[in-house]
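The values are calculated or read from the model by the stated rules, or taken from the named source; none is laboratory data. The shown structure was predicted, so the numbers you read here are calculated from the model rather than taken from an experiment. Because the Cβ atoms are built from the backbone with ideal geometry, glycine has one as well, and the counts that use them run over all protein chains shown.
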2 protein chains.
Amino acid sequence: MAKKTKKSHDANSARLSVDELRRIFENAGLRLTHQRIMVYNAVVDSKEHPSAETIYEQLKKDIPTISLDTVYRTLSTLDRLGLIKRLQLFDYIRFEPDLSRHHHFICKKCKKIIDFHWPEIDGVSIPETLKSVGEVQDQMVEVRGICKECLAQEGGEK
Amino acid sequence: MAKKTKKSHDANSARLSVDELRRIFENAGLRLTHQRIMVYNAVVDSKEHPSAETIYEQLKKDIPTISLDTVYRTLSTLDRLGLIKRLQLFDYIRFEPDLSRHHHFICKKCKKIIDFHWPEIDGVSIPETLKSVGEVQDQMVEVRGICKECLAQEGGEK
DNA sequence: GCTGTTCATCGGAACAGTTCTTAATTAATA
DNA sequence: TATTAATTAAGAACTGTTCCGATGAACAGC
């Protein structure tokens, strides 16, 4: 009753079923524990690129005994298994469930991260000079600025 | 004699003269101290996106009494004045002198950061959806992969 | 069912990078 | 030279993250 009904998912972060999770964990020789399921679901359901701390605070409501260490370890495990993605954009490490190619708008003020897509960029082939630098595995545009909410606040508080 | 002759600069990180620095500091109501000049020069001369610790270790050779705290404070000041740029891509905070638009290749293995240019990307205009998200101030492509040196090492050590 | 083994978990301690504190000293500018 | 900001030293504090030793749960083979 007091529970939030948080169900709105993007196409690219649909939650895997427990059976699918079990298969992935078993293949990796790992056990699928309650905590692991809960951490996974928390990241997938979240839209705010949460930090370990955020996930921890959230899960404590349902599992009061969960430890921060477990959250950290589990997030690492999930990242290693490719189920979520680790991001380091600021002082915090954050996690996101969207594994498809996308980019980030980062508000310099409130540090909010907003995903966006940019197909025009995704189509541009990597410059020649980069090929001699190394093997490219991943690319992402990071756009920084001030988000609408912070702009409104700035204008209002003057 | 034991001094390194490190003079190769990119076009975009030409060192400001002491007079130019003085003017900038004066405008900001700050004093231009020996340490500040040295820290500034160390970043501008460096090609490796150094951390505070790296700068500190380097400067100790010339100023044995310099404190790590001063390095941290000075790097912040220089960033605030727009003379260098602060980067947080990994666990360390790093600094770079190149203020022009460029992008970063980051080696996942040795954590080296290599600058590169990508004019094709710079010309692409920002997607419509972003305009409703906020005010864009800065954009940068982050490419991750394995650099040539690490690739060679990987092949060799097998 | 038991028994041992293999993990995952817990709680707290440890760690690393960064910032802050206080007081004394040094050095830049008017 | 006087004023005042910046630096130093030595350490504490802080924050995010990881490690450690003990405990406990789940599973395999008997």
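In this structure, is B:E48 more than 12 Å from DNA strand D (Cβ to nearest atom), surrounded by fewer than 16 Cβ atoms within 10 Å (Cβ to Cβ) and at pLDDT 95 or above? Talk me through it step by step, then tell me what you get.
Details: more than 12 Å from DNA strand D (Cβ to nearest atom): yes; surrounded by fewer than 16 Cβ atoms within 10 Å (Cβ to Cβ): yes; at pLDDT 95 or above: no.
Answer is no for this residue.
Within the bounds of region B:123-146, is there any residue that is more than 7 Å from chain A (Cβ to nearest Cβ), β-branched (V, I, T) and assigned to a loop (DSSP other than H, G, I, E, B)?
Among the residues of region B:123-146, at least one is more than 7 Å from chain A (Cβ to nearest Cβ), β-branched (V, I, T) and assigned to a loop (DSSP other than H, G, I, E, B), which makes the answer yes.
Could you pull out the residue among B:F95, B:F116 that is touching a strand residue (DSSP E or B) at 6+ places or on another chain (Cβ under 8 Å), within 17 Å of B:R36 (Cβ to Cβ) and aromatic (F, W, Y)? Steps first, answer last, please.
Details: B:F116 fails: within 17 Å of B:R36 (Cβ to Cβ).
B:F95 is the lone residue from the list that is touching a strand residue (DSSP E or B) at 6+ places or on another chain (Cβ under 8 Å), within 17 Å of B:R36 (Cβ to Cβ) and aromatic (F, W, Y).
State which residue is farthest from DNA strand C (Cβ to nearest atom) when the search covers only region A:29-45 and only residues that are of a type in the set (A, V, I, L, M) and closer than 12 Å to A:L59 by Cα.
Step one: of region A:29-45, the residues of a type in the set (A, V, I, L, M) are A:30, A:32, A:37-39, A:42-44.
Now drop any that are not closer than 12 Å to A:L59 by Cα, which leaves A:37-39, A:42-43.
Numbers: A:I37: 9, A:M38: 9, A:V39: 8, A:A42: 13, A:V43: 15 Å.
Ranking the qualifying residues of region A:29-45, first place goes to A:V43.
Any residue in region B:142-154 that is away from DNA strand D (no atom under 16 Å from the Cβ), among the β-branched types (V, I, T) and at negative phi? Can you show your working first?
Of region B:142-154, the ones away from DNA strand D (no atom under 16 Å from the Cβ) are B:142-154.
Filter again for among the β-branched types (V, I, T), leaving B:143, B:146.
So of that shortlist, the ones also at negative phi come out as B:143, B:146.
Yes, region B:142-154 contains a residue that is away from DNA strand D (no atom under 16 Å from the Cβ), among the β-branched types (V, I, T) and at negative phi.
Do you know which residues across region B:95-122 are at the interface with chain A (Cβ under 7 Å from one of its Cβ atoms) and within 12 Å of the chain's Cα centre (by Cα)?
Answer for region B:95-122, where residues must be at the interface with chain A (Cβ under 7 Å from one of its Cβ atoms) and within 12 Å of the chain's Cα centre (by Cα): just B:I114.
Here is a yes/no grid of residues against (1) within 16 Å of DNA strand D (Cβ to nearest atom); (2) within 30 Å of B:C150 (Cβ to Cβ); (3) surrounded by 15 or more Cβ atoms within 10 Å (Cβ to Cβ):
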{"site": "A:L75", "(1), (2), (3)": "yes, yes, yes"}
{"site": "A:D79", "(1), (2), (3)": "yes, yes, yes"}
{"site": "A:G82", "(1), (2), (3)": "no, yes, no"}
{"site": "A:F90", "(1), (2), (3)": "yes, yes, no"}
{"site": "A:R94", "(1), (2), (3)": "yes, yes, yes"}
{"site": "A:S100", "(1), (2), (3)": "no, yes, no"}
{"site": "A:K112", "(1), (2), (3)": "yes, no, yes"}
{"site": "A:Q137", "(1), (2), (3)": "no, yes, no"}
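Considering only residues that are under 16 Å from A:Q139 (Cβ atoms) and in a loop (DSSP other than H, G, I, E, B), look in region B:102-112 and name the one that is modelled with the lowest pLDDT.
Keep residues of region B:102-112 that are under 16 Å from A:Q139 (Cβ atoms), which gives B:102-108.
Going one step further and asking which of them are in a loop (DSSP other than H, G, I, E, B), we end up with B:102, B:108.
On the way: B:H102: 95, B:K108: 89.
In this case the residue turns out to be B:K108.
Residue under question is A:N27, and the condition is that it be modelled with pLDDT of 80 or more, in the same structural domain as A:S76 (by TED's automatic domain parsing), surrounded by 15 or more Cβ atoms within 10 Å (Cβ to Cβ) and out of contact with any Cys (no Cβ under 8 Å at 6 or more places or on another chain); does it hold? Full working, then the answer.
Details: modelled with pLDDT of 80 or more: yes; in the same structural domain as A:S76 (by TED's automatic domain parsing): yes; surrounded by 15 or more Cβ atoms within 10 Å (Cβ to Cβ): no; out of contact with any Cys (no Cβ under 8 Å at 6 or more places or on another chain): yes.
So A:N27 fails the test.
Which of the residues spanning region A:51-63 are buried (at least 17 other Cβ atoms within 10 Å of the Cβ) and within 14 Å of DNA strand D (Cβ to nearest atom)?
A:S51, A:A52, A:T54, A:I55, A:Y56, listed by residue number.
Would you check which residues across region B:64-73 are surrounded by fewer than 17 Cβ atoms within 10 Å (Cβ to Cβ) and either assigned by TED's automatic domain parsing to the domain that holds B:C110 or not in a loop (DSSP other than H, G, I, E, B) (or both) and list them? Reasoning before the result, please.
Here is the first cut: in region B:64-73, the ones surrounded by fewer than 17 Cβ atoms within 10 Å (Cβ to Cβ) are B:64-65, B:67-69, B:72-73.
Residues satisfying the conditions are B:L68, B:D69, B:Y72, B:R73.
If a residue has to be farther than 20 Å from B:A14 by Cα, touching a Leu at 6+ places or on another chain (Cβ under 7 Å) and more than 10 Å from DNA strand C (Cβ to nearest atom) to count, how many in region B:46-91 make the cut?
1
Can you work out which of the residues in region A:100-154 that are in contact with a Phe, Trp or Tyr (Cβ under 6 Å, 6 or more places away or on another chain) and aliphatic (A, V, I, L, M) is nearest to B:T129 (Cα to Cα)?
A:I114
Can you name the residue in region A:28-63 that is among the polar types (S, T, N, Q), more than 12 Å from A:L83 (Cβ to Cβ) and not in a loop (DSSP other than H, G, I, E, B) and is also nearest to the chain's Cα centre (by Cα) among such residues? Let's see the steps before the verdict.
Within region A:28-63, the subset among the polar types (S, T, N, Q) is A:33, A:35, A:41, A:46, A:51, A:54, A:58.
Now narrow it down to the ones that are more than 12 Å from A:L83 (Cβ to Cβ): A:33, A:35, A:46, A:51, A:54, A:58.
From what's left, not in a loop (DSSP other than H, G, I, E, B): A:35, A:51, A:54, A:58.
On the way: A:Q35: 18, A:S51: 8, A:T54: 12, A:Q58: 15 Å.
Applying the filter and picking the extreme gives A:S51.
So the check is Cβ under 9 Å with 6+ separation or different chains; which pairs have a first residue in region B:74-96 that's part of a loop (DSSP other than H, G, I, E, B) and a second one that's basic (K, R)?
Hits for this filter: B:L89/B:K111; B:F90/B:K111; B:D91/B:K111; B:Y92/B:K111.
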